[in-house]
Amino acid sequence: MDLSVTPNDADQVAAAILSWYDQHGRKSLPWQQNRTAYKVWLSEVMLQQTQVNTVIPYFENFITRFPDVQTLAAAGIDEVLHLWTGLGYYARARNLHKCAQVVTDKYKGEFPEDPELLEALPGIGRSTAAAIAAQAYNKRAAILDGNVKRFLARLHCVPGWPGQGNTLKALWRLAEHYTPQQRCQAYTQAVMDIGALVCTRRNPKCDQCPAERWCAARLTASQHDFPHSKPKKTNPVRQSTLYMLYVPNSGYLLLQRPPTGIWGGLWSLPDAKEIKNLLGQLPETEEKQHLEHKFSHFTLQAEIHLCTLNTQQNKPLSLNIREQGQRWYNPEQPDNIGLPGPIHKLLHALRT
DNA sequence: AAGTCGGGGTT
DNA sequence: AACCCAGACTT
(Lines give C-alpha, C1' and ligand atoms only; values in the text may rest on other atoms or scores of the structure.)
Protein backbone atom coordinates (compact mmCIF):
# COMPACT_ATOMS: atom_id res chain seq x y z
CA MET A 1 0.00 0.00 0.00
CA ASP A 2 1.33 3.38 -0.98
CA LEU A 3 0.34 6.10 1.44
CA SER A 4 3.26 8.32 0.56
CA VAL A 5 1.23 11.08 -0.97
CA THR A 6 1.70 14.78 -0.50
CA PRO A 7 -1.00 17.45 -0.32
CA ASN A 8 0.19 18.65 -3.68
CA ASP A 9 -0.66 15.28 -5.23
CA ALA A 10 -4.10 15.43 -3.68
CA ASP A 11 -4.78 18.79 -5.27
CA GLN A 12 -3.80 17.51 -8.69
CA VAL A 13 -5.93 14.38 -8.38
CA ALA A 14 -8.94 16.36 -7.12
CA ALA A 15 -8.54 18.86 -9.96
CA ALA A 16 -8.49 16.08 -12.53
CA ILE A 17 -11.57 14.49 -10.95
CA LEU A 18 -13.44 17.81 -10.94
CA SER A 19 -12.53 18.43 -14.56
CA TRP A 20 -13.82 14.97 -15.44
CA TYR A 21 -17.02 15.72 -13.57
CA ASP A 22 -17.68 18.87 -15.54
CA GLN A 23 -17.57 16.86 -18.75
CA HIS A 24 -18.93 13.44 -17.80
CA GLY A 25 -20.51 13.55 -14.33
CA ARG A 26 -24.16 12.81 -13.64
CA LYS A 27 -26.22 15.96 -13.30
CA SER A 28 -29.76 14.86 -14.12
CA LEU A 29 -30.59 12.45 -11.32
CA PRO A 30 -33.98 13.19 -9.75
CA TRP A 31 -32.52 14.34 -6.43
CA GLN A 32 -30.18 16.75 -8.23
CA GLN A 33 -33.09 18.79 -9.58
CA ASN A 34 -34.21 21.76 -7.48
CA ARG A 35 -31.83 20.44 -4.87
CA THR A 36 -32.82 20.67 -1.22
CA ALA A 37 -31.35 19.09 1.88
CA TYR A 38 -34.56 17.08 2.24
CA LYS A 39 -34.19 15.53 -1.22
CA VAL A 40 -30.49 14.88 -0.71
CA TRP A 41 -31.13 13.19 2.64
CA LEU A 42 -34.02 11.10 1.32
CA SER A 43 -32.02 9.92 -1.68
CA GLU A 44 -28.92 9.16 0.39
CA VAL A 45 -30.84 6.96 2.81
CA MET A 46 -32.60 5.14 -0.03
CA LEU A 47 -29.27 4.64 -1.79
CA GLN A 48 -27.67 2.88 1.18
CA GLN A 49 -26.78 -0.55 -0.20
CA THR A 50 -29.22 0.03 -3.06
CA GLN A 51 -28.51 0.81 -6.69
CA VAL A 52 -29.51 4.06 -8.33
CA ASN A 53 -31.93 2.60 -10.84
CA THR A 54 -33.74 0.73 -8.10
CA VAL A 55 -34.13 3.85 -5.99
CA ILE A 56 -35.48 6.27 -8.62
CA PRO A 57 -39.15 5.17 -8.68
CA TYR A 58 -39.26 4.96 -4.87
CA PHE A 59 -37.77 8.43 -4.61
CA GLU A 60 -40.36 9.85 -6.98
CA ASN A 61 -43.19 8.20 -5.03
CA PHE A 62 -41.90 9.54 -1.73
CA ILE A 63 -41.46 13.10 -3.03
CA THR A 64 -44.96 13.06 -4.48
CA ARG A 65 -46.55 11.79 -1.30
CA PHE A 66 -44.23 13.58 1.14
CA PRO A 67 -43.07 16.80 -0.57
CA ASP A 68 -41.32 18.08 2.54
CA VAL A 69 -39.90 16.81 5.80
CA GLN A 70 -42.88 18.02 7.84
CA THR A 71 -45.31 16.00 5.73
CA LEU A 72 -43.16 12.91 6.16
CA ALA A 73 -42.90 13.49 9.91
CA ALA A 74 -46.68 13.76 10.21
CA ALA A 75 -47.38 10.56 8.27
CA GLY A 76 -48.09 7.21 9.89
CA ILE A 77 -45.34 4.62 9.97
CA ASP A 78 -47.55 2.10 8.17
CA GLU A 79 -47.83 4.35 5.15
CA VAL A 80 -44.10 5.02 5.16
CA LEU A 81 -43.39 1.30 5.26
CA HIS A 82 -45.97 0.76 2.54
CA LEU A 83 -44.13 3.09 0.18
CA TRP A 84 -40.83 1.52 1.24
CA THR A 85 -41.98 -2.04 0.56
CA GLY A 86 -39.59 -3.76 -1.82
CA LEU A 87 -36.59 -1.55 -1.07
CA GLY A 88 -35.48 -3.75 1.83
CA TYR A 89 -33.59 -2.90 5.01
CA TYR A 90 -36.79 -1.67 6.65
CA ALA A 91 -34.93 -0.22 9.62
CA ARG A 92 -34.01 2.51 7.14
CA ALA A 93 -37.69 3.43 6.75
CA ARG A 94 -38.26 3.51 10.50
CA ASN A 95 -35.14 5.61 11.05
CA LEU A 96 -36.16 7.85 8.16
CA HIS A 97 -39.52 8.51 9.77
CA LYS A 98 -37.95 9.13 13.16
CA CYS A 99 -35.32 11.39 11.63
CA ALA A 100 -38.01 13.46 9.89
CA GLN A 101 -39.69 13.98 13.24
CA VAL A 102 -36.47 15.04 14.95
CA VAL A 103 -35.59 17.46 12.15
CA THR A 104 -39.10 18.89 12.23
CA ASP A 105 -39.22 19.28 16.00
CA LYS A 106 -35.63 19.99 16.96
CA TYR A 107 -34.34 21.77 13.86
CA LYS A 108 -37.57 23.47 12.72
CA GLY A 109 -37.56 21.47 9.51
CA GLU A 110 -34.07 22.46 8.40
CA PHE A 111 -31.38 19.79 8.25
CA PRO A 112 -28.21 20.89 10.06
CA GLU A 113 -25.07 21.57 7.98
CA ASP A 114 -22.54 20.17 10.43
CA PRO A 115 -21.66 16.54 9.61
CA GLU A 116 -21.37 15.77 13.33
CA LEU A 117 -24.91 16.95 13.96
CA LEU A 118 -26.15 15.06 10.91
CA GLU A 119 -24.46 11.87 12.06
CA ALA A 120 -26.28 12.10 15.38
CA LEU A 121 -29.61 11.72 13.56
CA PRO A 122 -31.17 8.24 13.24
CA GLY A 123 -30.20 6.33 10.10
CA ILE A 124 -27.35 8.71 9.22
CA GLY A 125 -23.83 7.31 9.58
CA ARG A 126 -20.48 8.85 8.79
CA SER A 127 -20.64 8.56 5.01
CA THR A 128 -24.27 9.61 4.66
CA ALA A 129 -23.69 12.60 6.95
CA ALA A 130 -20.77 13.70 4.79
CA ALA A 131 -22.77 13.17 1.61
CA ILE A 132 -25.60 15.38 2.88
CA ALA A 133 -23.21 18.10 4.05
CA ALA A 134 -21.37 18.06 0.74
CA GLN A 135 -24.29 17.64 -1.63
CA ALA A 136 -26.80 19.87 0.08
CA TYR A 137 -24.52 22.53 1.54
CA ASN A 138 -21.25 22.19 -0.41
CA LYS A 139 -19.39 21.69 2.88
CA ARG A 140 -16.05 19.92 2.90
CA ALA A 141 -16.74 16.39 4.10
CA ALA A 142 -15.32 13.07 2.94
CA ILE A 143 -17.64 10.27 1.86
CA LEU A 144 -16.77 6.58 1.64
CA ASP A 145 -19.42 4.50 -0.07
CA GLY A 146 -18.90 1.33 -2.09
CA ASN A 147 -17.92 3.29 -5.18
CA VAL A 148 -15.28 5.36 -3.43
CA LYS A 149 -13.94 2.33 -1.58
CA ARG A 150 -13.30 0.56 -4.86
CA PHE A 151 -11.78 3.63 -6.50
CA LEU A 152 -9.43 4.36 -3.59
CA ALA A 153 -8.52 0.71 -2.99
CA ARG A 154 -7.30 0.53 -6.58
CA LEU A 155 -5.68 3.95 -6.60
CA HIS A 156 -3.39 2.84 -3.75
CA CYS A 157 -3.62 -0.96 -3.93
CA VAL A 158 -5.08 -1.03 -0.41
CA PRO A 159 -5.00 -4.64 0.79
CA GLY A 160 -7.80 -6.39 2.66
CA TRP A 161 -11.54 -6.24 2.18
CA PRO A 162 -13.31 -3.02 3.18
CA GLY A 163 -15.26 -4.66 6.00
CA GLN A 164 -12.02 -5.16 7.89
CA GLY A 165 -11.09 -2.56 10.47
CA ASN A 166 -7.62 -1.58 9.35
CA THR A 167 -8.64 -1.60 5.69
CA LEU A 168 -11.57 0.66 6.40
CA LYS A 169 -9.37 2.98 8.39
CA ALA A 170 -6.87 3.24 5.54
CA LEU A 171 -9.68 3.97 3.08
CA TRP A 172 -11.15 6.72 5.27
CA ARG A 173 -7.71 8.26 5.55
CA LEU A 174 -7.41 8.33 1.78
CA ALA A 175 -10.94 9.65 1.38
CA GLU A 176 -10.12 12.56 3.70
CA HIS A 177 -6.81 13.08 1.93
CA TYR A 178 -8.27 13.64 -1.52
CA THR A 179 -11.39 15.58 -0.59
CA PRO A 180 -10.76 19.19 -1.69
CA GLN A 181 -11.62 22.36 0.19
CA GLN A 182 -13.47 23.83 -2.77
CA ARG A 183 -16.29 22.41 -4.92
CA CYS A 184 -16.93 19.57 -2.53
CA GLN A 185 -20.44 19.04 -3.84
CA ALA A 186 -19.12 18.38 -7.34
CA TYR A 187 -16.16 16.34 -6.09
CA THR A 188 -18.35 14.08 -3.97
CA GLN A 189 -20.68 13.41 -6.87
CA ALA A 190 -17.67 12.92 -9.14
CA VAL A 191 -15.96 10.17 -7.13
CA MET A 192 -19.24 8.29 -6.83
CA ASP A 193 -19.81 8.63 -10.56
CA ILE A 194 -16.29 7.44 -11.34
CA GLY A 195 -16.83 4.41 -9.12
CA ALA A 196 -20.21 3.65 -10.65
CA LEU A 197 -19.42 4.38 -14.31
CA VAL A 198 -15.64 4.09 -14.83
CA CYS A 199 -13.94 2.25 -11.97
CA THR A 200 -16.49 -0.55 -12.14
CA ARG A 201 -16.13 -3.79 -10.25
CA ARG A 202 -15.40 -5.74 -13.40
CA ASN A 203 -13.83 -4.42 -16.59
CA PRO A 204 -12.98 -0.95 -15.33
CA LYS A 205 -12.64 1.64 -18.09
CA CYS A 206 -9.22 2.84 -17.03
CA ASP A 207 -8.62 4.74 -20.26
CA GLN A 208 -11.55 6.99 -19.31
CA CYS A 209 -10.41 7.53 -15.73
CA PRO A 210 -9.10 10.97 -14.74
CA ALA A 211 -6.88 9.34 -12.07
CA GLU A 212 -5.32 6.76 -14.38
CA ARG A 213 -1.86 8.27 -14.23
CA TRP A 214 -1.80 8.02 -10.43
CA CYS A 215 -3.43 4.60 -10.09
CA ALA A 216 -1.20 1.97 -8.49
CA ALA A 217 -3.46 -0.89 -9.58
CA ARG A 218 -3.41 0.35 -13.16
CA LEU A 219 0.36 0.57 -13.07
CA THR A 220 0.63 -3.06 -11.98
CA ALA A 221 -2.36 -4.32 -13.98
CA SER A 222 -3.94 -5.53 -10.76
CA GLN A 223 -7.29 -3.73 -10.91
CA HIS A 224 -9.12 -7.01 -10.47
CA ASP A 225 -7.34 -7.71 -7.19
CA PHE A 226 -8.74 -4.61 -5.48
CA PRO A 227 -10.64 -4.25 -3.35
CA HIS A 228 -10.26 -7.77 -2.03
CA SER A 229 -13.58 -9.57 -1.95
CA LYS A 230 -15.41 -10.41 1.20
CA PRO A 231 -14.73 -13.89 2.62
CA LYS A 232 -17.73 -16.00 1.72
CA LYS A 233 -19.68 -18.27 3.96
CA THR A 234 -22.60 -20.52 3.23
CA ASN A 235 -26.00 -19.22 4.17
CA PRO A 236 -28.08 -21.21 6.66
CA VAL A 237 -31.64 -22.37 5.91
CA ARG A 238 -34.42 -21.41 8.32
CA GLN A 239 -37.64 -23.38 8.19
CA SER A 240 -41.02 -22.12 9.27
CA THR A 241 -44.73 -22.86 9.08
CA LEU A 242 -47.01 -19.97 8.18
CA TYR A 243 -50.79 -19.83 8.13
CA MET A 244 -53.04 -18.15 5.62
CA LEU A 245 -56.08 -18.00 7.87
CA TYR A 246 -59.09 -16.82 5.92
CA VAL A 247 -62.32 -15.57 7.44
CA PRO A 248 -65.12 -14.93 4.96
CA ASN A 249 -66.09 -11.26 4.68
CA SER A 250 -62.99 -10.23 6.61
CA GLY A 251 -59.88 -11.47 4.88
CA TYR A 252 -56.61 -13.04 5.86
CA LEU A 253 -55.13 -12.66 9.31
CA LEU A 254 -51.92 -10.65 9.38
CA LEU A 255 -49.71 -9.89 12.37
CA GLN A 256 -47.34 -6.97 12.60
CA ARG A 257 -43.76 -8.06 13.08
CA PRO A 258 -41.73 -6.58 15.94
CA PRO A 259 -39.86 -3.37 15.08
CA THR A 260 -36.48 -5.08 15.02
CA GLY A 261 -35.48 -8.22 13.20
CA ILE A 262 -36.36 -9.46 9.76
CA TRP A 263 -39.21 -7.57 8.07
CA GLY A 264 -39.34 -5.31 11.14
CA GLY A 265 -42.64 -3.40 11.38
CA LEU A 266 -44.09 -5.09 8.32
CA TRP A 267 -47.26 -7.17 8.28
CA SER A 268 -46.82 -10.88 7.76
CA LEU A 269 -48.54 -14.23 8.16
CA PRO A 270 -48.73 -15.81 11.63
CA ASP A 271 -46.70 -18.91 12.38
CA ALA A 272 -47.93 -22.02 14.18
CA LYS A 273 -47.04 -20.70 17.62
CA GLU A 274 -48.89 -17.46 17.06
CA ILE A 275 -51.95 -19.26 15.68
CA LYS A 276 -52.03 -21.52 18.71
CA ASN A 277 -51.90 -18.53 21.03
CA LEU A 278 -54.82 -16.92 19.24
CA LEU A 279 -57.05 -19.96 18.61
CA GLY A 280 -55.95 -22.30 21.34
CA GLN A 281 -55.37 -24.94 18.71
CA LEU A 282 -54.26 -25.36 15.15
CA PRO A 283 -57.07 -25.24 12.59
CA GLU A 284 -57.57 -27.87 9.93
CA THR A 285 -55.45 -27.28 6.87
CA GLU A 286 -57.16 -27.42 3.50
CA GLU A 287 -54.15 -27.02 1.31
CA LYS A 288 -50.43 -26.44 1.57
CA GLN A 289 -47.96 -24.46 -0.47
CA HIS A 290 -44.23 -24.22 -0.26
CA LEU A 291 -42.42 -20.91 -0.10
CA GLU A 292 -38.70 -20.36 -0.53
CA HIS A 293 -37.22 -16.92 -0.22
CA LYS A 294 -33.55 -16.07 -0.30
CA PHE A 295 -32.28 -13.27 1.91
CA SER A 296 -28.74 -12.05 1.72
CA HIS A 297 -27.72 -13.98 4.83
CA PHE A 298 -30.14 -16.92 5.01
CA THR A 299 -32.74 -18.85 3.05
CA LEU A 300 -36.30 -19.03 4.30
CA GLN A 301 -38.25 -22.21 3.61
CA ALA A 302 -41.86 -22.09 4.74
CA GLU A 303 -44.86 -24.38 4.54
CA ILE A 304 -47.93 -22.26 3.91
CA HIS A 305 -51.10 -23.73 5.42
CA LEU A 306 -54.38 -22.49 3.99
CA CYS A 307 -57.34 -22.59 6.39
CA THR A 308 -60.83 -21.12 6.43
CA LEU A 309 -62.51 -20.36 9.75
CA ASN A 310 -66.28 -20.57 10.17
CA THR A 311 -68.08 -17.96 12.21
CA GLN A 312 -68.23 -19.95 15.43
CA GLN A 313 -64.51 -20.37 15.52
CA ASN A 314 -64.04 -16.63 15.11
CA LYS A 315 -64.76 -15.65 18.67
CA PRO A 316 -61.33 -16.20 20.15
CA LEU A 317 -59.94 -13.89 17.51
CA SER A 318 -62.04 -10.95 18.67
CA LEU A 319 -63.23 -10.38 15.16
CA ASN A 320 -64.99 -7.14 15.96
CA ILE A 321 -62.09 -5.67 17.88
CA ARG A 322 -59.05 -4.36 16.11
CA GLU A 323 -56.31 -5.70 18.33
CA GLN A 324 -52.99 -3.92 18.27
CA GLY A 325 -50.76 -5.69 15.81
CA GLN A 326 -53.55 -7.72 14.21
CA ARG A 327 -55.52 -7.01 11.09
CA TRP A 328 -57.59 -8.65 8.42
CA TYR A 329 -56.26 -8.22 4.94
CA ASN A 330 -58.58 -8.34 1.97
CA PRO A 331 -56.57 -8.68 -1.24
CA GLU A 332 -59.43 -7.14 -3.21
CA GLN A 333 -59.32 -4.02 -1.08
CA PRO A 334 -55.70 -3.90 0.07
CA ASP A 335 -54.62 -1.55 2.84
CA ASN A 336 -51.64 0.77 2.46
CA ILE A 337 -49.36 -1.17 4.77
CA GLY A 338 -45.88 -2.60 4.59
CA LEU A 339 -46.14 -6.10 3.19
CA PRO A 340 -43.04 -8.20 2.43
CA GLY A 341 -42.73 -9.05 -1.26
CA PRO A 342 -43.18 -12.82 -0.94
CA ILE A 343 -46.14 -12.40 1.44
CA HIS A 344 -47.78 -9.94 -0.93
CA LYS A 345 -47.29 -12.44 -3.71
CA LEU A 346 -48.93 -15.22 -1.70
CA LEU A 347 -51.93 -13.09 -0.76
CA HIS A 348 -52.51 -11.97 -4.31
CA ALA A 349 -51.77 -15.26 -6.05
CA LEU A 350 -55.18 -16.75 -5.27
CA ARG A 351 -57.03 -14.73 -7.87
CA THR A 352 -59.94 -16.80 -9.20
C1' DA B 1 -14.81 -7.42 15.23
C1' DA B 2 -18.63 -9.81 13.82
C1' DG B 3 -23.46 -10.25 12.97
C1' DT B 4 -27.98 -8.38 11.39
C1' DC B 5 -30.72 -6.36 8.09
C1' DG B 6 -33.44 -7.07 1.61
C1' DG B 7 -34.15 -7.17 -2.65
C1' DG B 8 -32.48 -6.64 -7.07
C1' DG B 9 -28.96 -5.94 -10.83
C1' DT B 10 -25.09 -7.93 -13.15
C1' DT B 11 -22.27 -11.40 -14.88
C1' DA C 1 -25.11 -19.11 -8.49
C1' DA C 2 -22.03 -15.61 -6.80
C1' DC C 3 -21.11 -11.11 -5.86
C1' DC C 4 -22.18 -6.48 -4.74
C1' DC C 5 -24.88 -2.23 -4.32
C1' DA C 6 -24.64 6.10 -2.61
C1' DG C 7 -24.22 1.51 5.02
C1' DA C 8 -26.17 1.82 9.72
C1' DC C 9 -26.76 -0.27 13.84
C1' DT C 10 -26.41 -3.78 17.57
C1' DT C 11 -23.93 -6.99 20.26
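The values are calculated or read from the model by the stated rules, or taken from the named source; none is laboratory data. Worth saying up front: this structure is predicted, and the values here are computed from it rather than measured. Virtual Cβ from ideal backbone geometry, glycine too; neighbours counted across all protein chains shown. The accessibility values were calculated without ligands, DNA or RNA, using every heavy atom of the protein model including side chains. Shrake-Rupley method; radii C 1.70, N 1.55, O 1.52, S 1.80 Å.
Seen against the Cα atoms of chain A and their longest principal axis, helix A:91-106 is set at about 70 degrees.
For the stretch A:220-255, the residues whose amide N sits under 11 Å from a probe point set 7 Å from the Cα of A:GLN301 along the beta carbon direction are A:237-240. How far apart, in nm, are two points set 7 Å out from the Cα along the Cα-to-Cβ line at A:GLN164 and at A:GLU116? According to this spin-label approximation, the distance is 3.2 nm. Dipole check for chain A: with +1 at the C-beta of Lys and Arg, -1 at the C-beta of Asp and Glu, and the Cα centre as origin, the magnitude is about 540 Debye.
Just order A:39-51, A:278-290 by mean Cβ neighbour count inside 10 Å, highest at the front, would you?
Numbers: A:39-51: 20.0, A:278-290: 12.5.
Going from most to least packed, we get A:39-51, A:278-290.
Electrostatic tally near A:GLN49: other residues with Cβ closer than 11 Å to its Cβ, Lys and Arg +1, Asp and Glu -1, net 0. Computed over chain A, the Cα gyration tensor eigenvalues convert (square root of 5λ each) into semi-axes of 47, 24, 16 Å, ordered from largest to smallest. Taking packing as the residue-averaged number of other Cβ atoms within 10 angstrom, the listed peptides A:226-236, A:111-121 run from highest to lowest as A:111-121, A:226-236.
Think of the stretch A:76-178 as having a plus end and a minus end, set by charges on the Cβ of Lys, Arg, Asp and Glu; of A:GLY165, A:ALA91, A:ALA141, A:GLY165 sits farthest toward the positive end of this dipole.
Beta bridges assigned by DSSP with both partners in chain A are antiparallel in approximately 65 percent of cases. Computed from Cα atoms, the angle from the helix A:37-46 axis to the main principal axis of chain A rounds to 70 degrees.
If you take all other residues with their beta carbon under 15 Å from the beta carbon of A:CYS307, and give Lys and Arg +1 and Asp and Glu -1, the sum is -4.
For chain A, the 222 nm mean residue ellipticity estimated from helices alone, with every DSSP H stretch of n ≥ 4 adding -39500 (n - 2.57) and the total spread over all residues, rounds to -12000 deg cm²/dmol. Of the accessible area of chain A, with the probe set at 1.4 angstrom, what percent is carbon plus sulfur? Exposed carbon and sulfur together represent 48 percent of the surface.
Note on chain A: dipole from Cβ charges, positive end direction compared against A:PRO258, A:SER19, A:GLY338; the farthest Cα belongs to A:SER19.
Helix A:126-137 and the long axis of chain A differ in direction by around 70°, with both axes built from C-alpha atoms. Remark: the A:LYS273-A:THR71 segment gains 68.9 nm on full extension, using 0.36 nm per residue and subtracting the alpha carbon distance.
Rolling a 1.4 Å probe across the protein heavy atoms gives chain A an accessible surface of 52 Å² per residue. Here the spin labels are modelled as points 7 Å beyond Cα on the Cα-Cβ line, and at A:LYS230 and A:LYS294 they lie 1.5 nm apart. Take A:175-181, A:142-148 and order them by the average number of nearby Cβ atoms within 10 Å per residue, most first; the result is A:142-148, A:175-181. What pairs from A:LYS149/A:LYS230; A:LYS294/A:LYS345; A:LYS273/A:LYS294 go past 18 Å between their alpha carbons? Violating the 18 Å limit, Cα to Cα: A:LYS273/A:LYS294.
Within a Cβ distance under 12 Å of A:GLU176, other residues only, what is the Lys/Arg minus Asp/Glu net charge?
With Lys, Arg at +1 and Asp, Glu at -1, the net is +4.
Rolling a 1.4 Å probe over the protein heavy atoms leaves A:ASP78 with an accessible area of roughly 40 Å².
Please compute the volume of the convex hull spanned by the alpha-carbon atoms of the stretch A:141-216 and report it per residue in Å³.
Spelled out: Cα convex hull of the stretch A:141-216, divided by residues, is 87 Å³.
Within the stretch A:237-347, antiparallel bridges make up roughly 65 percent of the DSSP beta bridges whose residues both belong there.
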